């Protein structure tokens, strides 16, 4: 059995490739676990409506692709452990394949599934299920790194410099042309259509189309244009489709692999030339790789208040401030505009993320984990290790040699929205309110 997660593609899916190579019969499974999706932490859900809609589109696309290979995607709704126990028992599954990850929480979940299934197999007098987690979320494999996992540098600059001294070869994407058939008695009426329909919400606006076909189309359109030649100059724009690659939603859901992006970049450089901007796209892929490897190293510290360090950030919990930040009702019009765009679309630029994260940590003096959790809920391109790693970076508890970043909001507005066009478009000034409505002893503050 192969369990899809953040790898919703057929091509260059190394874990699926191994399953196809080693198995005679194969069950392809995706579980919609509402208990996990709706689990609240820091007053936020694990999966919000925008990402849910994107995943539903990606699953629809994936189901169509496996049909072309005479296979069937089983989509089940329920507790993942219960779904696995049922399928393992009914179809006598002996091996489960999945994409390994540096995300501690995801690792913990798979360890939990294994603990749930082992007693069932042993109790039935059968050998335990073999679990094969295959790493594929990065450009490089662990054996290619110039340092051991425990010695991964604590800053990106050191990581990049050591890696680029003798850049390891990046394998070309694998092409999968066939899959083993499903078990002969696999019931195709397991409720896949109903489970998928539960994810689809026609009222949710879609600004990105989910699925590997849409991702590959964006890859082709972008790299056939001249846009990569100017990427470094345009990447900080707040609200412009052509200013950056926009690959992140497909990378986060695994509709595209980083190797597919890299080799498309190399083709562009052969055809149109390489320069500092095209290198900067590779630079961003290295940043992504770094967060994945760093997460593998630090484990549970990815989610810890102190992050990678021993000191605690100086924060307090102001519930009113957190809600105003979420809704875009702060005294800062630029931050408000950013949050309105995030809430409406599920997407904001990297520069916008840094600005609003800095505001939450510095101007509002809030716990960075609440901001990270809200991004997890809202972002269509949420990638656990990238999101939490970047928030640690801003909060001064991550991979930042400066000990945190504090963006001057007025300067950021002058640089990136000097004519207030972005603020006007996303109504940043309309509902701006004071940071607090009561003082330290809960007396109302006069307006």
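Checked against the criterion of being under 30 Å from residue 125 (Cβ atoms) and either in contact with a helix residue (DSSP H, G or I) (Cβ under 7 Å, 6 or more places away or on another chain) or outside any strand (DSSP E or B) (or both), segment 37-48 has no qualifying residue. Would you check if residue 132 is touching a strand residue (DSSP E or B) at 6+ places or on another chain (Cβ under 8 Å), assigned to a helix (DSSP H, G or I) and surrounded by fewer than 17 Cβ atoms within 10 Å (Cβ to Cβ)? Judged against the criteria, residue 132 is not a match.
In segment 94-107, what residues are over 21 Å from residue 290 (Cα atoms) and surrounded by fewer than 21 Cβ atoms within 10 Å (Cβ to Cβ)?
94, 95 - these are the residues of segment 94-107 that are over 21 Å from residue 290 (Cα atoms) and surrounded by fewer than 21 Cβ atoms within 10 Å (Cβ to Cβ).
Within segment 384-405, the residues that satisfy the criterion of being in a loop (DSSP other than H, G, I, E, B) and touching a residue at least 12 places away in the same chain (Cβ under 8 Å) are 396, 397, 398, 399, 400, 401, 404, 405.
Just checking, does segment 189-197 include any residue being at pLDDT below 95, outside any loop (DSSP other than H, G, I, E, B) and under 22 Å from the mean Cα position of the chain (by Cα)? Within segment 189-197, one or more residues are at pLDDT below 95, outside any loop (DSSP other than H, G, I, E, B) and under 22 Å from the mean Cα position of the chain (by Cα). Quick check: is even one residue across segment 114-122 assigned to a loop (DSSP other than H, G, I, E, B) and modelled with pLDDT under 95? Scanning segment 114-122 turns up no residue that is assigned to a loop (DSSP other than H, G, I, E, B) and modelled with pLDDT under 95. Summed over segment 233-246, residues that are within 14 Å of residue 279 (Cα to Cα) and buried (at least 17 other Cβ atoms within 10 Å of the Cβ) total 3. Kindly establish whether residue 21 is more than 23 Å from the chain's Cα centre (by Cα), at pLDDT 95 or above, surrounded by fewer than 20 Cβ atoms within 10 Å (Cβ to Cβ) and part of a loop (DSSP other than H, G, I, E, B). It is false that residue 21 is more than 23 Å from the chain's Cα centre (by Cα), at pLDDT 95 or above, surrounded by fewer than 20 Cβ atoms within 10 Å (Cβ to Cβ) and part of a loop (DSSP other than H, G, I, E, B). Helices (runs of 4 or more DSSP H) fully within segment 206-310 that include at least 3 residues being assigned by TED's automatic domain parsing to the domain that holds residue 379 and touching a strand residue (DSSP E or B) at 6+ places or on another chain (Cβ under 7 Å): none found. Tallying residues that are out of contact with any helix residue (DSSP H, G or I) (no Cβ under 7 Å at 6 or more places or on another chain) and under 14 Å from residue 257 (Cα atoms) within segment 167-183 yields 1. Regarding segment 128-143, can at least one residue be identified that is assigned by TED's automatic domain parsing to the domain that holds residue 98, modelled with pLDDT under 95 and in contact with a helix residue (DSSP H, G or I) (Cβ under 9 Å, 6 or more places away or on another chain)? Yes - at least one qualifying residue is present in segment 128-143. Taking segment 289-311 only, how many residues are under 17 Å from residue 152 (Cβ atoms) and surrounded by fewer than 17 Cβ atoms within 10 Å (Cβ to Cβ)? Number satisfying all stated conditions: 3.
The values are calculated or read from the model by the stated rules, or taken from the named source; none is laboratory data. Given the structure is predicted, the values throughout are model-derived calculations rather than measurements. FYI the Cβ positions are ideal-geometry reconstructions off the backbone, even for glycines, and counts take in every protein chain you see.
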